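Data first, discussion second: the structure below is written as structure tokens.
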Amino acid sequence: MTPRASADDLVRGIESGDRALLARAITLAESARPEDACLAEEVLGRLMPRTGGAIRTGITGVPGAGKSTLIDSLGMQLLAQGKKVAVLAVDPSSSVSGGSILADKTRMPRLALEGNAFIRPSPGGRAGGGVTRRSREALLLCEAAGYDVVLVETVGAGQNEIAVARIVDCLVVLVLAGAGDELQGIKRGILELADVVAVNKADGENVAACGRAEAEYALALGCARARSSSWRPRVTRVSGLTGAGLPELWQLVEEHRAALEGSGELEEARRNQRRHWLWERVEESLQAAFRGHPGVQARLAQVEADVLEGTITPAQGARALLAAFGVDDNG
């Protein structure tokens, strides 16, 4: 068994770019054991002054959009520019073991062999929004380890993966030509939060179709309400397989960052991310305290049964459990 690393060991290791100790720190942050969480919080607290310098980019899209292949190619191009690249890949979880099913690291074969790259597959678990419960902590630890770019690949479960937008600066949405939702999709979920839309698999006989899809998305995005006063969402064509269009894609990511920095929106966005992080942890801790309360545990099974049977309403059940917790809910 590997001996447990101390906070000092982890901090020194991460500061020196030790990938093994970085991985161990992320494992601690993701752990459900209170002692692991406390150690991870201490380490991250000490490393916070080293965070904030990376280009934080989310890569999302439905299954089959080619996220992993694109990241493998994009990562190699960024390494060639002298950048250190970290990838946080969120995999679907097994309902039996809770572990990753797809093992994204195996689908980034070139990047996985590079010394200046770090790939961390993590199971999505029960966390919604396409990321894990501790993706934000993992991102900050990667920044503290000196990575210039952190790419967050979402689980790819559909259009509702909005949580990733709360931890990255730029959100890239991969779409496919001929998927049937070029125009309708702009009204749904994740596309409303996109900073860059990339029509992927623009190679071979698919190039013409991707060109048409690019024009349709550009038209739709032009009609949509912009989230930023300094940036209008942009559309481009790429091929993760051949690497075509990836320099142009990354140029858009850098232009987006420059625009937000110039207007002051980047720092404001990060302040809002930290605020959301604060309340997310408060809510998480309150729910854990609520579920672990003896009075709640004593009444929970019966209240749930009554709600399921329809003998009381969910609102009445909630009030009963809150009363057992010591909260008077008059709502």
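The values are calculated or read from the model by the stated rules, or taken from the named source; none is laboratory data. Quantities reported herein were computed from a predicted structural model and do not represent experimental measurements. Cβ sites come from the backbone with ideal geometry, for glycine too, and all protein chains shown count toward neighbours. Ligands, DNA and RNA are excluded from the accessible area calculation, which covers all protein heavy atoms including side chains. Shrake-Rupley method; radii C 1.70, N 1.55, O 1.52, S 1.80 Å.
So the values come out like this:
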{"item": "CD proxy at 222 nm, helix term only [per DSSP H run n ≥ 4: -39500 (n - 2.57); per residue of the chain; nearest 500]", "result": "-15000 deg cm²/dmol"}
{"item": "For the chain, built as a Gaussian network whose Cα springs stay under 10 Å, the top-fluctuating residue of H276, H256, H293", "result": "H293"}
{"item": "Net charge of Cβ neighbours under 13 Å - reference A298; Lys, Arg +1; Asp, Glu -1", "result": "+1"}
{"item": "Taking all pairs of distinct alpha-carbon atoms in segment 1-49, Kirkwood radius in angstrom", "result": "10.6 Å"}
{"item": "0 to 90° range, to nearest 10: angle between helix 314-325 axis and the chain longest Cα axis", "result": "60 degrees"}
{"item": "Radius 9 Å from Cβ of N200, net charge of other residues (Lys, Arg +1; Asp, Glu -1)", "result": "+3"}
{"item": "W277 accessible area, assembled protein chains, probe 1.4 Å, Å²", "result": "40 Å²"}
{"item": "Local electrostatic count, R274, Cβ distance below 12 Å [Lys/Arg +1, Asp/Glu -1]", "result": "+3"}
{"item": "Protection proxy ranking of 67-80, 307-320 - average other beta-carbon atoms within 10 Å, highest first", "result": "67-80, 307-320"}
{"item": "Number of Lys pairs (Cα under 21 Å; 8 or more positions apart or on different chains) in the chain", "result": "7"}
{"item": "Distance (nanometres) between label positions extended 7 Å along Cα→Cβ at R274 and E254", "result": "2.8 nm"}
{"item": "Gyration tensor over alpha-carbon atoms, the chain, equivalent ellipsoid semi-axes in Å", "result": "36, 27, 19"}
{"item": "Carbon + sulfur, % of accessible area of the chain - ligands and nucleic acids excluded, 1.4 Å", "result": "54 percent"}
{"item": "Proportion of all alpha-carbon pairs of segment 275-325 beyond 12 Å (%)", "result": "65 percent"}
{"item": "Top of L286, L266, L28 by mean-square fluctuation, Gaussian network on the chain, Cα under 10 Å", "result": "L286"}
{"item": "C-alpha long axis of helix 67-80 to longest principal axis of the chain, angle in °", "result": "60 degrees"}
